[in-house]
Amino acid sequence: MARMRFGVFIAPHHPPGEHPTLQFERDLRLIEHLDQLGYDEVWVGEHHSGGWETIGHPEMFLAAAAQRTHRIKLATGVVSLPYHHPYNVAGRIAQLDHLSRGRAILGTGPGALPSDARTLGIDPVVLRDRQDEALAAITALLRNDEPVSMRTEWFDLVEGYLQVRPLQEELEIVAAVSLSPSGMKLAGKYGLSVISVASYSEEGLQALPTQWGWAETYAEEFGTTVHRDRWRVMMPFHIAETREQAFSEIYDGLAHWHNEYNVDVLHRPGAARTEDPKAFAHTMVERGGAIVGTPDDAVEAITRLVELAGGFGTLVGFMHDWANHEATMRSYDLFARYVIPRVQGLIAPLERSRDLLAQNAEGLMKQAGEGILKAIREHNAAHPRT
């Protein structure tokens, strides 16, 4: 496995009430901040209803982010393929790749909100089949040199050819995986990367140890290859100088998110309102559904998550408004400064160098002192009157 990478997933999940224009600007500034801190990638979602997830056209948003950033990769998180003609999806991501100078990632999914599918008159039952059909067209358009023709129940493609190809020689395509095997099947079928988006739920955590096996099974069946290094696992985190501070900063915001969004808006199966924010937060963290605490706590939690999954390439932090803006930005800063380098092995050589010097410092200082005295004696011998 290569050195672990780190990203942030901006669905976004913002409570209604803030001016949309300023909210968009706040998210763009967050991406700028992540770029400056050295995060590897940022994901921006597609949602059209519900009030909380306000970015409906991630390629447009990421095009704006591309003009403000320099190195961070920009991923659609994710394009709901059944809502779009595949030719337009392939063309937009190729355009974004040029605007970002080769930093685009195409994240794909079937569509997260049934209300979005209803708006477009699509039966939610057919979403995953349509995602499969769309990927067949999109992968051919992005990877092959010949025109592509397809006819399905919901789109026709007649000698489709991208006159502007992606800037990257191989633009990464990613399948979103929730709880069912369908996303891993698509990854195996088309040789795609994977992002596990439900890994912070109890069910999602339980599925992690077996999910990668699904991808390998389907890759063998379809004659492709998949790589753990291109598997992303999503997990919310909030970091502060002390564990008590980290928890105190998220109690109210986490409970509000859970009660108002998961329960009242989504009616997520099994979700019940909480009247005890403190107990809810601690239980969620104890069950592995979030990383909250100090940088050391975060390193330990990431180590456990890697062991549970059997290894993956990128940890993607789920962006939230559980804490206020200042505390949230400080959390990303602390994570970049003290968690990422520890996990990536960048701190151990510094500590080793420190320890080696400390072990030999007494002798080295004695030798240095002797060298100074020697130079003084030689000077006095050569210049006795100075």
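Computed values, structure above
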quantity: In segment 1-52, the residues that are loosely packed, with under 15 Cβ neighbours inside 10 Å, small (Gly, Ala, Ser) and under 21 Å from Tyr261 (Cβ atoms); calculated: Gly17, Gly51
quantity: Considering residues of segment 237-257 that are of a type outside the set (D, E, K, R), assigned to a helix (DSSP H, G or I) and touching a helix residue (DSSP H, G or I) at 6+ places or on another chain (Cβ under 7 Å) only, the residue nearest to Tyr190 (Cα to Cα); calculated: Leu254
quantity: Which listed residue is closer than 23 Å to Tyr332 by Cβ and in contact with a helix residue (DSSP H, G or I) (Cβ under 9 Å, 6 or more places away or on another chain), from Gly91, Gly77, Gly109; calculated: Gly77
quantity: The one condition in (1) within 21 Å of Leu34 (Cα to Cα); (2) over 23 Å from the mean Cα position of the chain (by Cα) that Thr69 fails to fulfil; calculated: (2)
quantity: Qualifying residue in segment 53-68 (condition: touching an Asp or Glu at 6+ places or on another chain (Cβ under 8 Å), in a strand (DSSP E or B), in the same structural domain as Trp322 (by TED's automatic domain parsing) and crowded, with 23+ Cβ neighbours inside 10 Å); calculated: no
quantity: One residue from Ala219, Ala207, Ala198, Ala187 being crowded, with 24+ Cβ neighbours inside 10 Å and either more than 19 Å from Ser80 (Cβ to Cβ) or among the hydrophobic types (A, V, I, L, M, F, W, C) (or both); calculated: Ala187
quantity: Any strands (runs of 3 or more DSSP E) falling wholly within segment 89-198 and containing at least 2 residues that are closer than 23 Å to Thr225 by Cβ; calculated: 104-109, 173-177, 193-196
quantity: Sole residue being more than 25 Å from the chain's Cα centre (by Cα) and either closer than 18 Å to Val194 by Cβ or among the acidic types (Asp, Glu) (or both), chosen from Asp132, Asp123, Asp116, Asp97; calculated: Asp123
quantity: Residue check for Leu364: surrounded by 11 or more Cβ atoms within 10 Å (Cβ to Cβ) and without any contact (Cβ under 8 Å) to a residue 12 or more places away in the chain; calculated: yes
quantity: Thr242 being assigned by TED's automatic domain parsing to the domain that holds Phe9, over 21 Å from Met319 (Cβ atoms) and in contact (Cβ under 8 Å) with a residue 12 or more places away in the chain; calculated: yes
quantity: Residues of segment 288-339 satisfying the condition of being in a strand (DSSP E or B) and more than 23 Å from Ala75 (Cβ to Cβ); calculated: Val292, Gly293
quantity: Members of segment 212-236 found to be without any contact (Cβ under 8 Å) to a residue 60 or more places away in the chain and assigned to a helix (DSSP H, G or I), listed by number; calculated: Gly213, Trp214, Ala215, Glu216, Thr217, Tyr218, Ala219, Glu220, Glu221, Phe222
quantity: Looking only at segment 107-139, and only at residues there that are in contact (Cβ under 8 Å) with a residue 60 or more places away in the chain and out of contact with any strand residue (DSSP E or B) (no Cβ under 6 Å at 6 or more places or on another chain), the one that is surrounded by the fewest Cβ atoms within 10 Å (Cβ to Cβ); calculated: Thr119
quantity: Tabulated pairs, segment 1-24, first under 30 Å from Pro341 (Cα atoms), second among the β-branched types (Val, Ile, Thr) and part of a helix (DSSP H, G or I), C-beta under 6 angstrom, 6+ apart or interchain; calculated: Met4/Val343; Phe6/Ile340
quantity: Ile31 being closer than 18 Å to Met235 by Cα and in contact with a Lys or Arg (Cβ under 9 Å, 6 or more places away or on another chain); calculated: yes
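The values are calculated or read from the model by the stated rules, or taken from the named source; none is laboratory data. Owing to the predicted nature of the structure, the values given are computational and were not obtained by experimental measurement. Note that each Cβ is placed from the backbone with ideal geometry, even for glycine, and that neighbours are counted across all protein chains shown.
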